[in-house]
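J.: Here you go, one structure.
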């Protein structure tokens, strides 16, 4: 049956319109206009706030199996940004990484959900990090003076990174154990062309 989830009487009227941010287990994450984020269980319509405080800047990224939700918590008092993972019951499972300055963005899960990649940007650099979803093994993978985009390989052992250097826009394949960047090249295509928006196939 087709349901209009945002018609729930348990969603405060002052927060309308509500937009869906992600799936989390058997529930959907809804963000209201007031900044409050709610968890709505699809089966019975149960609604509850997901956080004790309002969130206006957080972006939510669900794990491939829908059992975990990653987001960045911004503290306006000290400007710290903390990468967090929460479980389907809405409780914080663990804090993965905290930065005293800059911005954390571009959250990407590996296909098996075992790793989470993200970009930490400052005025001078963009840095790609990868961390295991259990909060261990934080790795600094690549640093660039310009913007970066990246994707995991299907097996989760490589990152394919798009960046700009002094000779143009290039792609690098980086193994997550050796961290050695290998320039991606295709016969017949000059390296001074713009290489962008990479993806992987098995």
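J.: Could you list 144, 124 in order of exposure, starting from the residue whose Cβ has the fewest other Cβ atoms within 10 Å?
T.: Ascending Cβ contact count within 10 Å gives the list 124, 144.
J.: Let me have the relative contact order for the chain, percent, based on Cα pairs under 8 Å that are six or more residues apart.
T.: Dividing the mean separation by the residue count of the chain yields 10 percent.
J.: Then there is this: By counting other Cβ atoms within 10 Å of each Cβ, how are 34, 127 ranked from fewest to most?
T.: Ordered from fewest to most neighbouring Cβ atoms within 10 Å, 34, 127 come out as 34, 127.
Bear in mind these aren't lab numbers, they're just calculated from the coordinates by the rules spelled out. Being a predicted model, the structure only gives us computed values, none of them experimental. Reconstructed Cβ throughout: ideal geometry from the backbone, glycine too, with neighbour counts over all protein chains shown.
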